[in-house]
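K.L.:
This is the structure I have questions about; it appears just below.
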Amino acid sequence: MGLLSKKDAKLITDPFADNNPITIQVLGICSALAITAELKASIVMSISVLFVLGIGNVVISLMRNIIPSKIRIIVQLIVVATLVIIVDLVLKAFAYELSKTLSVFVGLIITNCIIMGRFEAFALGNGPWRSFLDGIGNALGYAVILIIVGFFRELLGSGTLLGIKVLGDPVEKTGLYAYGYENNGFMLLSPMALIVVGIIIWVQRSRNKTLIEEH
Amino acid sequence: MEHIELFFKSIFIDNMVFATFLGMCSYLAVSKKVSTAVGLGAAVIFVLAVTVPLNWLLDQYILKEGALVWLGPEYAEYDLSFLSFIMFIATIATMVQLVEIIVEKFSPSLYNSLGIFLPLIAVNCAILGGSLFMQSREIASLGLALNYGIGSGIGWFLAILAIAAIREKIRYSNVPPALRGLGITFIITGLMAIGFMSFGGMLTGGDEEAKEETKEAIVTPKKEINVIEVAEEQKDKKKEVAEITKEIVE
């Protein structure tokens, strides 16, 4: 972090734990839960949000002095929608199978609260370089949670990671399956994503007692 | 019949919160009191009921491949569906603004109680999600689109009402400190989602084969009866084989 001042470096490291967009700011939960049954989908979604949030933050920050306050939500929506259309077309062209798995959730990045939330909270009041760092930081915080949830769901649910069978072959009973281990198919279903995120929040708040709510 | 099926499907089986997790942010933020939850839920039903049919019309006559044929036959190959995101979100933002103006004019008390949440509905994933799912599932008519919009809204309303009621009650329970508030809400929502999965078998009675399968499943639940039936079947088969061999010999 030699080229970033201490304050700037904080913009990237804060969202990892102390100000994590999903578990602390409670933003961007919709897409975090629905597509994390595969680790690959989580990684692609994280990269998409990184792209949209990073560039979106810079664009809004550059325009911040000329956007009239009354129509700022509409302007933000147009910027985000354009970037998401680009992401959607790129995915359809280079990773068609994955875009079918992600289906409507790529479009739902538009209404992903993290993006609008960071525009309102940061980009409208700060310069382009800092807004870019803030966007990257928050997108990385989002990516951390998505990858953790995707990791556990895919590992425990289908015994694979990124499609590679790491626990042995369930059909031929090699590896762990030879000892009678079975895949927990329930992990692939959507409710388990909620419970895994609940456990992540539990671990996070036990380690950092200042985050505990009173009620 | 199709309408009733779609209605129940969108409330229980494809519930916006429990099956596809749309609208979670405002769901978690507003569910601390039942009264605000009811207000927001009603607003979401109204906005979905208005925007899904409108977006259906937009998709049908402007955005789909070949939709512009009504302008003239030379437009038959135009496919504007890549503009769906922008056009859907534009209609939603406009309709929400309109709804806000109407509510402010005709019911100032409702307007005050909803506060900031009425304009925030425009960026609620549930609203855009409703329109996008309508497009990806290729809903066939305007009536069905209206049906889907109202059904999805009622499903979301049920979900937020239930979680608000539960959160009010657990305020006096002994939740571990690190799980209080957000953590326990996630886990409870997960358990409710598991509960809603039980509705998945509700609408299998669409065709004759499925009906017969479910009838057999209800009639023979225990393994012991199956064994007896299998034994009887084997006896019958042996009789048939004996008869056939008799015929062959003769």
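The values are calculated or read from the model by the stated rules, or taken from the named source; none is laboratory data. Because the structure is predicted, anything quoted here is derived from the model rather than measured. Don't worry about glycine lacking a Cβ; one is built from the backbone with ideal geometry, like all the others, and counts go over all protein chains shown. The area values use the complete protein model at the heavy-atom level, side chains included, leaving out ligands, DNA and RNA. Shrake-Rupley method; radii C 1.70, N 1.55, O 1.52, S 1.80 Å.
K.L.:
State all residues of segment A:144-190 that are basic (Lys, Arg) and open to solvent by less than 60 Å² (accessible area, probe 1.4 Å); if no residue qualifies, say none.
P.N.:
Result: A:ARG153, single match.
Residue-wise test of (1) open to solvent by less than 20 Å² (accessible area, probe 1.4 Å); (2) among the hydrophobic types (A, V, I, L, M, F, W, C); (3) within 13 Å of chain B (Cβ to nearest Cβ); (4) free of Cβ contacts under 8 Å to residues at least 24 places away in the same chain.
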{"position": "A:VAL75", "(1), (2), (3), (4)": "no, yes, yes, yes"}
{"position": "A:VAL90", "(1), (2), (3), (4)": "no, yes, yes, yes"}
{"position": "A:ALA95", "(1), (2), (3), (4)": "no, yes, no, no"}
{"position": "A:ILE109", "(1), (2), (3), (4)": "yes, yes, yes, no"}
{"position": "A:ALA121", "(1), (2), (3), (4)": "no, yes, no, yes"}
{"position": "A:LEU133", "(1), (2), (3), (4)": "yes, yes, no, no"}
{"position": "A:ILE136", "(1), (2), (3), (4)": "no, yes, no, no"}
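K.L.:
Say we look at segment B:111-143 and pick out the residues that are open to solvent by less than 50 Å² (accessible area, probe 1.4 Å) and hydroxyl-bearing (Ser, Thr, Tyr); which of these is farthest from B:THR36 (Cα to Cα)?
P.N.:
B:SER141
K.L.:
Which residues, counting only those in segment B:46-76, are assigned to a loop (DSSP other than H, G, I, E, B) and under 20 Å from B:GLU138 (Cα atoms)?
P.N.:
B:LYS64, B:GLY66, B:ALA76 - these are the residues of segment B:46-76 that are assigned to a loop (DSSP other than H, G, I, E, B) and under 20 Å from B:GLU138 (Cα atoms).
K.L.:
Tell me whether segment A:191-211 contains one or more residues that are open to solvent by 30 Å² or more (accessible area, probe 1.4 Å) and either part of a loop (DSSP other than H, G, I, E, B) or at positive phi (or both).
P.N.:
yes
K.L.:
Something else about it: If the requirement is being among the hydroxyl-bearing types (Ser, Thr, Tyr) and under 24 Å from A:THR82 (Cα atoms), which of these qualifies: B:THR36, B:THR91?
P.N.:
B:THR91
K.L.:
Restricting the search to segment A:1-60, which residues are outside any helix (DSSP H, G or I), open to solvent by 50 Å² or more (accessible area, probe 1.4 Å) and either free of Cβ contacts under 8 Å to residues at least 12 places away in the same chain or polar (S, T, N, Q) (or both)?
P.N.:
A:MET1, A:GLY2, A:LEU3, A:SER5, A:ASN19
K.L.:
Filter segment B:85-110 down to residues that are open to solvent by less than 20 Å² (accessible area, probe 1.4 Å) and either closer than 19 Å to B:ALA29 by Cα or more than 8 Å from chain A (Cβ to nearest Cβ) (or both), then give me how many there are.
P.N.:
The total comes to 4.
K.L.:
B:ASN174 - would you say it is open to solvent by 10 Å² or more (accessible area, probe 1.4 Å) and in a helix (DSSP H, G or I)?
P.N.:
Considered against the rule, which asks whether it is open to solvent by 10 Å² or more (accessible area, probe 1.4 Å) and in a helix (DSSP H, G or I), B:ASN174 comes out as no.
K.L.:
Of all residues in segment B:132-151, which are part of a helix (DSSP H, G or I) and either within 12 Å of the chain's Cα centre (by Cα) or away from chain A (no Cβ under 14 Å) (or both)?
P.N.:
Within segment B:132-151, B:PHE133, B:MET134, B:LEU142, B:GLY143, B:LEU144, B:ALA145, B:LEU146, B:ASN147, B:TYR148, B:GLY149, B:ILE150, B:GLY151 meet the criteria.
Residue-wise test of (1) buried (at least 23 other Cβ atoms within 10 Å of the Cβ); (2) farther than 30 Å from B:GLY183 by Cα; (3) within 14 Å of chain A (Cβ to nearest Cβ).
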site: B:PHE8; (1), (2), (3): no, yes, no
site: B:CYS25; (1), (2), (3): yes, no, yes
site: B:VAL30; (1), (2), (3): no, no, yes
site: B:ALA37; (1), (2), (3): yes, no, no
site: B:LEU40; (1), (2), (3): yes, no, no
site: B:THR51; (1), (2), (3): yes, yes, yes
site: B:LYS64; (1), (2), (3): no, yes, no
